[in-house]
Each structure stands twice: as C-alpha cells, then as structure tokens.
1. Kindly evaluate Arg10 against the criterion of being in a loop (DSSP other than H, G, I, E, B) and either assigned by TED's automatic domain parsing to the domain that holds Leu73 or out of contact with any Lys or Arg (no Cβ under 6 Å at 6 or more places or on another chain) (or both).
2. Look at Lys177 and say whether it is modelled with pLDDT under 90, out of contact with any Leu (no Cβ under 8 Å at 6 or more places or on another chain) and farther than 18 Å from Gln120 by Cβ.
3. What residue, of Arg122, Arg189, is in a helix (DSSP H, G or I), modelled with pLDDT of 85 or more and not acidic (Asp, Glu)?
4. So which residues in segment 56-81 are closer than 19 Å to Ala13 by Cα and in a loop (DSSP other than H, G, I, E, B)?
5. Are any residues in segment 303-351 assigned to a loop (DSSP other than H, G, I, E, B) and either more than 26 Å from Glu115 (Cα to Cα) or hydrophobic (A, V, I, L, M, F, W, C) (or both), and if so, which ones?
6. Are any residues in segment 253-276 in a strand (DSSP E or B) and surrounded by fewer than 16 Cβ atoms within 10 Å (Cβ to Cβ), and if so, which ones?
7. Working only within segment 13-55, note down all residues that are farther than 25 Å from Ser76 by Cα and not in a strand (DSSP E or B).
8. Of all residues in segment 277-302, which are surrounded by fewer than 19 Cβ atoms within 10 Å (Cβ to Cβ) and assigned to a loop (DSSP other than H, G, I, E, B)?
Amino acid sequence: MAGKTRLSARTVATAKPGRYGDGRGLWLVVSETGARKWVFRFTFGGRVTEMGLGNAAVSLAAARDKADEARKLVVSGINPIEARREAVRIAAGKPTFGQCADSLLEAKSSEWRNEKHRAQWRMTLVEYAKPLREMPVDQVDTEAVLGVLQPIWQAKPETASRLRGRIESVLDAARAKGHVARNEANPARWRGHLDTLLPKRQKLTRGHHAAMAFDDVPEFIGRLRNREAMAALALEFLILTAARSGEVLGARWNEIDVDAKVWTIPATRMKAGREHRVPLSDKALAILEMLAEARTGEFVFPGQRPGKQLSIMALGMVLRRMKAEAVTVHGFRSAFRDWCGNETHFPRELAETALAHVIGDKAEQAYRRGDALEKRRALMAAWANHCEPALVANLISLKTRM
C-alpha cells in the first residue's frame, strides 16, 4: 500500500508484508518472510529507479536522513546509486592527504623557476599542513582545513593565504584522480565558502619585509666585512646589487661577464620570468674576484655540500649572529629603494628596473625595449659608494676575509 502519511516507529516494527510510504520517495518494504528494508524511489533520466537504504537495523530517522541526502543528489543532477558506487571504489584504495600532496609536488616541480619555490610549497604542505597529512584525503573537511589555517591566519596572513590555495590544489588534484567524490565541494575553496568563515585578506595588516634604514647600511657592511664566512660575502653582494636572495644564491659563474661588468640572470631564475642584467660596481666585482680564486664549482656562492649552492638560511643566520634580527634579508632591497627616492635624482623608473620590477601596463612594456643598462650602472655605482663604510681604516680588507 502506498501510505500518504509519515510512518511511525511502531508502524515500522509491526507492519505486515507490503510497501509503506513515508513520503518524499522513502518506502518501507516488508517481505512475506517478515524481513524489512528501506528503499528510496526516484526518477532519474526519465526512468523510475529504487535505491536500497538498508534493512531493519536502520532506524526510521536514519532512513529519512539517507533519503534526504539521496534526494539532494537527484536535484543536483547526480544519480545517487552511481555516487555510492564511486564512493565504494574510492574507499578501496584511498590515499592520505600527505600522499596526494607529495604527488602534486612531484607533478608540479617542473613549473617552478627555482629551488626557493619548491621549498616554499613543500614547507607549507609538510609543516603547516601536518595535521592533515595522515588523514584519508576524502575525509579532509572544512573543519580540518580551518584547523590548520586559523592558528596562522592573523599572524602570518601571506603564508596562510598561500597554504589555503595549496591545500585547495591538492584536493582538486585528488578529485581529478577519483580519490574524492566529484559531487563534493572543495573544503578549501575561498569564494562562497571560507570567505564566510575567515576575515578577508584586505582586512588584515599585510606586513612588509623589515628593512634597515639606508643610513645604517654602511656601518652594517663595515661589521659584515669582519666576518670570515661565505654567507657574509653573499649578503654584501646581495646588498650591492639590490638582488633577491634566490637570485644571488643561485648565481652561476657562466652568468658573470667580468669584462663587461655585467651579471645576466636568466629568465628561468627571475620572479617576473624575464632576463635581468645587473651592472656590477667595482665593490661587487672585488667580491667576485676573490671568489674566483677559490672557485670549486658552477655556483658563485657554493654551500658546504659539493655541487650545491649556499643555503638561504645562511643569510638569515648572519643577521642573527650580528644581532640584526629586526631586519630581513629582503629588506635591503627596500633600503636601496628608499635611498634612491630620498637621496638621489635618479628617475623612479630606473630604480624600479634595478629591482627587476615590471613597470607599466603591457602597452608601455611593449615600447620599453631597452633596460637602461648604462644609466643603471651609474645608479649602482652611486649605491655602492653610499654603502662603503666611512671608517675605512678600521675595516679588514676584502682579501683577508677568505
């Protein structure tokens, strides 16, 4: 019989053989032997179909919940029977979030221009996402994602934002491989989801790299030259060239033209993906001359391990040992830019080009074909003169530092 009223627990327990409707597609079917089962009756693709929801061990309330979930799938255009089969297939060989993250890192490694990008992706997905790594990837839900984002969302907004995007990428990749049901929304999605649970980025204070005042740079370099370490040489070269740490640490000898006094950084190692020429001041060339005498491989600033470049951590360690923890390595680029704007008459565009910043829109870039190398040579020479410590007599010469 097709009852139009909702069932009761008593009816379920005492019903005689037949079919009993609870409404909205949920039916109780009692066989001649007295066995009871629940079915969900629905129309999909023009055909009436029934989906089993369990036997008498499933309570009336639980059966209604299951029917509601199946009904939502039908409304969304998904066959609930196929969705359940897919879930079973996924459960048979379900990887963890950590395994999916490692697979994504391996797959995307060729996209990154330098080792720094690889290290950043790996660090966020290994360290910050550590609570997720042992979870089956299909069990990573909104609560789990918030669990790793909320502790750093205010304190480290830039890192937290990148972490969210990378978690989203891992889960998207897992779905593409069939490890997560296709009908499930990505719990790390920002728009329409996490943006309702976390404060938007523009409402947070976005920190800048702490910079040393440009007037303090000469005294700092004077103290830096008293340190007999490869990292100290690398840091001074970084300051003199206003380059990024990854560009300096990855510098290779075949990029250096001593005669032309130019360091050409290939596009593959530049943030903007464009070749960048750096005019070398006499002070920068003196550092290279010293290093060339003890050259051991392709890297200008080699690390302790053969064939490896100096670690990026080494530069930060120099700052800590010199009690300069309040500033960052990247902040020396800001010191250079502040000096250009406050103390010189060099055009703004020249300073921005020296920092390898992209200037103007695409139309302006199309007409700006030169890189003003010789004009920048004068700029970098002036910066090197500014950086030179005033008390030369108290300094140890460069050659004693090796």
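The values are calculated or read from the model by the stated rules, or taken from the named source; none is laboratory data. This is a predicted model, so every value here is computed, not measured. Don't worry about glycine lacking a Cβ; one is built from the backbone with ideal geometry, like all the others, and counts go over all protein chains shown.
1. Details: in a loop (DSSP other than H, G, I, E, B): no; either assigned by TED's automatic domain parsing to the domain that holds Leu73 or out of contact with any Lys or Arg (no Cβ under 6 Å at 6 or more places or on another chain) (or both): yes.
Against the criterion (in a loop (DSSP other than H, G, I, E, B) and either assigned by TED's automatic domain parsing to the domain that holds Leu73 or out of contact with any Lys or Arg (no Cβ under 6 Å at 6 or more places or on another chain) (or both)), Arg10 does not qualify.
2. Numbers: modelled with pLDDT under 90: yes; out of contact with any Leu (no Cβ under 8 Å at 6 or more places or on another chain): yes; farther than 18 Å from Gln120 by Cβ: yes.
For Lys177, the condition - modelled with pLDDT under 90, out of contact with any Leu (no Cβ under 8 Å at 6 or more places or on another chain) and farther than 18 Å from Gln120 by Cβ - is met.
3. Numbers: Arg189 fails: in a helix (DSSP H, G or I).
One residue alone meets the criteria, Arg122.
4. Within segment 56-81, Ala56, Ala57, Val58, Ser59 meet the criteria.
5. Initially, segment 303-351 is screened for residues assigned to a loop (DSSP other than H, G, I, E, B), giving 303-308, 310-311, 322-330, 344-347.
Listed by number, the residues that qualify are Leu310, Met322, Lys323, Ala324, Ala326, Val327, Val329, Thr344, His345, Phe346, Pro347.
6. Initial filter on segment 253-276 (in a strand (DSSP E or B)): 256-257, 262-265, 276.
Correct list: Asp257, Val262, Thr264.
7. Ala13, Thr14, Ala15, Lys16, Pro17, Ser31, Glu32, Thr33, Gly34, Ala35
8. Passing the criteria: Ala294, Arg295, Thr296, Gly297, Glu298.
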